[in-house]
Amino acid sequence: MRKSDTIYWSSNFWIVILSLALAYILSFSSAYDNLKNYFNDTLQYLASDEKYFTDSVVVDINNSSLKILEKDFGHWPYTRDKYVLIIEFLQSMNVEKIVFDINFSDPRVGDDIFKKTIAKYDNVFFVTSALKETIPMNTEDEKKLKEISWGLDSDMPALKYKSLLLPHENLLNKDTIYKLGITSVLEDSDGLIRSIPMLYNVDSYLFPSLLLRIQFPHTNIPNIKYNTKTNELITDKRVFYTDKQNRIKLFYPKNANSIISIPFYKISEVALNKKTISNNNFFRGKTVFIGSSAFLSDRINTPKGAMSGSYLLAIANESIKNNLLLKDNNKIVNAIFLVISVLFSLYLSTRKELYKKSVFITTALTIISSFVLGILFLRFFHLETNLFFAILVIVFTIISTVITFQISLSKYNKKLIDETKKLYNEANCDTLTGLLNRRGFDEQYNKYKEIISKVKFSQSACFAICDLDHFKSVNDTYGHDIGDVVLEKFANLLKRHLRDNDIPVRWGGEEFIILLRDTNIDESIIVLNRVREICEKMEINTPQGILKVSVSIGVTLIDDFSNPIDLYMKKADMGLYKAKRMGRNKVCIG
């Protein structure tokens, strides 16, 4: 059926269109997003290295710290003078920045000294949260919003919120209000955090994320621009590749413990002079993130598992420093993968021999090479491509092609069966009546003999010869056309009124034979008499009027299948002769 493997570019082009359409339609579903995220996470894991960042440290106020420090610091939340102690210690260790991932939204004892300490150092920053709900603001709060904002909304993409949860007014003044940055994040459809917003739109004002804020540790607001064509956020210092919501996408290291994390109580004990630090240069030049994971209050889910918000901030900070941010808008690279999927679709959909070894090898090589290419782009250029879409097109092409091939094969097999049946009928059946001819009878009789020879108990059958009475006069009187009608009518009679296991045959002219299987002579006579009686009542309309015919039948018992069939034909023929001699329209035993 399929002799060549030549490509016919137009034969199954619709499969390519269907595969592209299915992948495109699926891309709008949440299932697609979840599968794509899982696929990209796996690809990112294969492309990434283990990293052990040394420029950031997380100080975690965990449950153990709360318990150990209860004697010295009291119950949580701590008074603000305790944080002053930590700030002074870290400044003495020459840290680069201190970032508090704690909402100081209520007044506490020690706010005054905390406020003075904040004003003393330019490298201390605080978190503020963006809120979906509107919080009523007084004139002073609105003034603060304007002071810390980076300008009015100028159609620059940013996550939109309605209000901010600011630290308490006891802590920050007009000279220190710039130290605030937002940390609210947006989960992907599967509940994992992969992106960090760089800008926020709150009440039509633009605000920096905490990560962006600490890149500019002074009161001056940097110039920012956004390139809508390339999705680039351009600042004074560098360019950030973002998505359409101005979010940077993290290229997570392979290992989950990429950032050093220290319990809060260990830092506090050194600050309280209860213990000494073995390496005085450990904190030098580092950015220290202070947050709390106590009571699992600040846990978020990422592709690297659950972690505290402070830990994620530290990873994001190191990702910015080490250029470990993903880019996903390279049109040329995306076009390459799309072309690969389309060319493969054209190749596979037009194969004449789908299950050849060469087709399997080409399919495997296409998928593997696409994976390898995707990993290389990630590893060396940090490009996240549309590889998942391309793989999906390839998968749909494989499914569509296999289904099409199987349907085509099924149609072809049906055609072969029909042609085989046609050839069989032409060779073994009478063209006028549709009954078996002599050749067909010989085949069926030999099969029956073979079956009989395998059974353990004795089995008998009967053989009958039927001859339509005065058929020559029918042809002479009514014509051969009517004669053919009579033969067809009688053949149909045999088909309808014989038993299922009986085999009627047109032997020639007006002569028919019947092999009555698995029966004795008495049962056969009953069946044959029924045929004779129905034939006698049969009426055929002709131009000359109603034509009625009768049939004479001779029957004999086949008691020994080792004898040739000619023996039983002669016996049945003797019975037929007897029926004719007795006046016709009879069934006689030969």
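The values are calculated or read from the model by the stated rules, or taken from the named source; none is laboratory data. Bear in mind that the values here come from a model prediction, so they are computed numbers and not experimental data. Methodologically, a virtual Cβ is constructed for each residue, glycine included, from the backbone with ideal geometry; neighbour enumeration extends over all protein chains shown. These accessible areas exclude ligands, DNA and RNA; they are computed on the full protein's heavy atoms, side chains included. Shrake-Rupley method; radii C 1.70, N 1.55, O 1.52, S 1.80 Å.
Once segment 552-590 is narrowed to residues that are farther than 12 Å from CYS466 by Cβ and β-branched (Val, Ile, Thr), the residue that is most open to solvent (accessible area, probe 1.4 Å) is ILE589. In segment 28-61, the qualifying residues are those that are among the acidic types (Asp, Glu) and out of contact with any strand residue (DSSP E or B) (no Cβ under 7 Å at 6 or more places or on another chain), and the one that is least open to solvent (accessible area, probe 1.4 Å) is ASP41. Summed over segment 99-111, residues that are over 46 Å from the mean Cα position of the chain (by Cα) and not basic (Lys, Arg) total 7.
The residue that is farthest from ILE452 (Cα to Cα), among those in segment 497-555 that are in a strand (DSSP E or B) and among the hydroxyl-bearing types (Ser, Thr, Tyr), is THR542. Of all the listed residues (GLY110, GLY151), the sole one being among the small types (Gly, Ala, Ser), free of Cβ contacts under 8 Å to residues at least 40 places away in the same chain and over 20 Å from ALA314 (Cβ atoms) is GLY110. Criterion applied to GLY483, GLY440 was being over 27 Å from TYR568 (Cβ atoms), surrounded by 18 or more Cβ atoms within 10 Å (Cβ to Cβ) and assigned by the TED database to the domain that holds GLY554, and the one residue passing it is GLY483.
Scanning segment 286-329 for residues being part of a helix (DSSP H, G or I) and hydroxyl-bearing (Ser, Thr, Tyr) gives a total of 3.
Of the numbered criteria (1) under 27 Å from GLY285 (Cα atoms); (2) out of contact with any strand residue (DSSP E or B) (no Cβ under 7 Å at 6 or more places or on another chain); (3) without any contact (Cβ under 8 Å) to a residue 40 or more places away in the chain, the one MET93 fails is (3).
Pairing each residue of segment 261-279 that is open to solvent by 100 Å² or more (accessible area, probe 1.4 Å) with any residue that is in a loop (DSSP other than H, G, I, E, B) and among the β-branched types (Val, Ile, Thr), provided the two are 6+ apart or on different chains, yields no C-beta distance under 6 Å. Of the residues that make up segment 192-201, is at least one surrounded by fewer than 19 Cβ atoms within 10 Å (Cβ to Cβ) and under 30 Å from LYS116 (Cβ atoms)? Looking through segment 192-201, none of the residues is surrounded by fewer than 19 Cβ atoms within 10 Å (Cβ to Cβ) and under 30 Å from LYS116 (Cβ atoms). Selection over segment 231-285 of residues that are outside any strand (DSSP E or B), touching a Ser or Thr at 6+ places or on another chain (Cβ under 6 Å) and within 27 Å of ASN220 (Cα to Cα) gives a count of 1. Looking only at residues of segment 341-382 that are closer than 24 Å to LEU18 by Cα and not in a helix (DSSP H, G or I), we find that the one that is most open to solvent (accessible area, probe 1.4 Å) is TYR355.
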